[in-house]
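Read the structure below first, then the notes.
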Amino acid sequence: MFVPYRPRTILNKGKRPDHWFWARYSAYPYIGCQHGCEFCYCRERKYLPHDDVDDFAHVIKVKENAPDLLRKALARQPVDLLFTGDYQPAEHKFGISRKMLEVCYDLGFPVFVLERSPLVLRDLDLLQEIDQRARAVVAFSIVSTPDAPGYEQVRQMERLAPPAGKRFAAMEQFARAGILTGTCMMPILPGLCDGDATLESVIRWTADHGGQFVLAGGLTLADQQRDYFFRVLGERFPDLVDLYETVYPRGSYGSSRWKNTAMRVRELCEQAGIPDRIPRPIIPGDKRSLNRRVAEALANRVYTMDLNGEPGHRVWAYRKASWAIEDLEQEVGLVYRTLGLKGLASIKNVGPQLAREVELMLKEWMHDKEVAGGHSGDC
Ligand code: SF4
């Protein structure tokens, strides 16, 4: 059932981009999802407007005024990456995702689309235009492959979504079109798709279909979504209930097991020659692109330190330094060229030790630029 809906606002704004997808904004055309994946966190109370959690996949609120709201909202914001797009079957009928992409193109905003449906291919032309003007990333949520052990079991948890093979085929077309694409392996489900053979297969299929990253993500279970998930798990996989009770005790996100899996994804990605982080898209003409790269490198260090279980205060020092460089009004290379190491150390939340790390990055990239600059004159 579709319910017309006219919200008053559409745009969610972060103070700065997140460190997973590099998106600062998000805006979506529908509430509820006909794919109805059993693990979907959108059933949590804070996202779902329905009293009955079972309505999530069957009662879809359609934000009829989403494109107009988005145009008004983005016109007042600095250009940065917008997480958008929703290609559930409703999109065939209403086409609101496409209209929102048109707004992004008009206003020069880059986009990040994360999908379980190949319907996103319908908008390949528009996404290419956005990519040329401002950058576009199209990632696919895939947690197993048709030839992986237990694939049919995994499908039991996302049975209304298009099969993984179709998502990989779509990935290949985006890669051929020159758009940054890859896999968000989310959520990796313990006992169903966190075995080595499945992880290795997803990474191999990604590389074989032109994907340029595999980002691992864990399952989150909270309030009514947790109860819903355990009900379904008990019906379809009663043997796994004890495992999930152990990994996801009430009030926890089960991070320790997920970290082991993410470490394994990292090792397998290294073997396959692709990163386990999404390369940050740099918007053409961004005068502070060097700041973005430094912030990205520091954020990637945060991820590694987190996986390695390094002390929280050290992880936070890097996280805050990444934010500081992101927020810096001046171009960080200019700060370094004019004030040297002292200038970097004087940036709030950077300090002398991290300033030296930033200096090494800058020296390397400035050297690369000089080498590239010298070479380009040859032709
Ligand atoms: S496709 Fe995505 S949004 Fe839709 S139910 Fe599945 S996980 Fe949730």
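A short reminder: the numbers here are calculations on the coordinates, not readings from a lab. Remember, predicted model here, so these are calculated numbers, not experimental data. Here the Cβ is made from the backbone with ideal geometry for all residues, glycine too, and neighbour counts use every protein chain on show.
For the range 289-376, relative contact order (Cα pairs under 8 Å, six or more residues apart, normalised by length) works out to 26 percent. Calculate how steeply helix 223-236 sits against the longest principal axis of the alpha-carbon atoms of the chain, using the helix alpha-carbon long axis, and give the answer as 0 to 90 degrees to the nearest 10. On a 0 to 90 degree scale, this one is about 60.
Close amide H pairs (under 5 Å, H built 1.01 Å from N) link L114 with T84, A139, residues at least 5 positions away or on another chain.
Of all DSSP beta bridges confined to the chain, the antiparallel ones make up roughly 15%.
The listed peptides 25-31, 299-305, ordered by packing as a protection proxy, come out as 25-31, 299-305 (highest mean of other Cβ atoms within 10 Å first).
Prolate is the label for the chain, because a/c, from the alpha-carbon gyration tensor with a ≥ b ≥ c as root eigenvalues, is 1.5 or above and a/b exceeds b/c. The R236 and D51 beta-carbon pair, evaluated with R₀ = 25 Å, returns a calculated FRET efficiency of approximately 0.55. To test your reading of the geometry: what angle, between 0 and 90 degrees and rounded to tens, separates the Cα axis of helix 332-345 from the longest principal axis of the chain? So the helix axis and the longest Cα principal axis differ by about 90 degrees. Can you tell me the 0 to 90 degree angle between the C-alpha axis of helix 255-272 and the longest principal axis of the chain, rounded to 10? Once rounded, the angle reads 60 degrees. When R280, R337 are sorted by how many other C-beta atoms sit within 10 angstrom of their C-beta, beginning with the fewest, the order is R337, R280.
A straight chain from L341 to C42 at 0.36 nm per residue would run longer than the Cα-Cα distance by 103.1 nm.
For the residues V143, V202, V154, a GNM of the chain with alpha-carbon springs under 10 Å puts the largest fluctuation on V154.
Structure remark: mean-square fluctuation, Gaussian network model of the chain, C-alpha springs under 10 Å; the largest value among L180, L127, L48 belongs to L48. Normalised by the number of residues in the chain, the average gap of Cα pairs under 8 Å and 6 or more apart makes the relative contact order 13 percent. Under the simplified labelling scheme, the D196-E245 pair shows an inter-label distance of 3.0 nm, with each label point 7 Å from Cα along Cα→Cβ. Across the range 244-370 the C-alpha pair distances fall into 5 Å bins from zero in the proportions 2, 10, 17, 19, 16, 14, 10, 7, 3, 2, 1, 0 percent. Look at the alpha carbon pairs under 8 Å that are at least 6 residues apart: their mean separation over the length of the range 119-253 gives a relative contact order of 25 percent.
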